[in-house]
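Scroll down for the structure; my scribbles are underneath it.
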Amino acid sequence: MSISLKLSDRNQGLCELCNSNTATQGYLVSPRKEDEVENQVALCQTCFEHLSEKDKSDYWRCLEGSIWSVVPSVQALSYRILFSLKETDWAEHVINSVDLDENIIQWALSVYEIADEHKDSFGNKLENGDTIVLTQALNIKGTSFSAAKGTIVKRIRLVPDNTEQIEGKIKEQTIVILTKFVKKV
């Protein structure tokens, strides 16, 4: 993304990570989606290219300074890169020496979070439309029947805000079933 004048001026036209090269582009620190200056970091071409490299080497030693920036987006990106290098002594030392706000650390580490998944009683990932079998008999609340162990439920739907629940039809009745009582077929 091109660099805005306001973003460029924030660090007198220099890259906010290495503080030595001219900033040429704005970098939006995920998962933020708003193209606001507060969510961006001004980067030089060299730092931008190093972001995608697998071999990080000692190039990122410049973060020993940028992690102390007063700008939250610079702190978050610096911490994120340092965290990816935590196996090196110098990066671990920098991480342990800085005392960042918890929100900044969560922002930085959000890229490493794994989305919650619906899983059956055996740890298999469940998806919308899957077929499952009940692993134990269930009394269906609000109805006059129960579902026997071994009952097959086709085309389940995941409950979006609760990974421990799915919806399925048994005897033409849509019910909520706990994932700990099902096995994916």
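The values are calculated or read from the model by the stated rules, or taken from the named source; none is laboratory data. Please read all numbers here as calculations on a predicted model, not as lab measurements. Heads up, the Cβs are rebuilt from the backbone with ideal geometry, glycines too, and the neighbour counts pull from every protein chain shown.
Here are a few things to note about the model shown:
For every residue, the table says whether it meets (1) at pLDDT 95 or above; (2) of a type in the set (S, T, N, Q); (3) part of a loop (DSSP other than H, G, I, E, B).
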{"position": "Phe83", "(1), (2), (3)": "no, no, no"}
{"position": "Lys86", "(1), (2), (3)": "no, no, yes"}
{"position": "Glu92", "(1), (2), (3)": "no, no, no"}
{"position": "Gln106", "(1), (2), (3)": "no, yes, no"}
{"position": "Ile114", "(1), (2), (3)": "no, no, yes"}
{"position": "Gly123", "(1), (2), (3)": "no, no, yes"}
{"position": "Thr143", "(1), (2), (3)": "no, yes, yes"}
{"position": "Asn162", "(1), (2), (3)": "no, yes, yes"}
{"position": "Ile175", "(1), (2), (3)": "no, no, no"}
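- Residue check for Gly123: of a type in the set (Gly, Ala, Ser), without any contact (Cβ under 8 Å) to a residue 40 or more places away in the chain and surrounded by fewer than 17 Cβ atoms within 10 Å (Cβ to Cβ): yes
- Of the residues screened, Glu127 is one that is touching a His at 6+ places or on another chain (Cβ under 9 Å) and in a loop (DSSP other than H, G, I, E, B).
- For Val70, the conditions (1) closer than 23 Å to Arg10 by Cβ; (2) in a helix (DSSP H, G or I) are fulfilled apart from (2).
- Taken over the stretch 139-171, the criterion of being farther than 18 Å from Gly129 by Cβ and touching a helix residue (DSSP H, G or I) at 6+ places or on another chain (Cβ under 7 Å) is satisfied by Glu164 alone.
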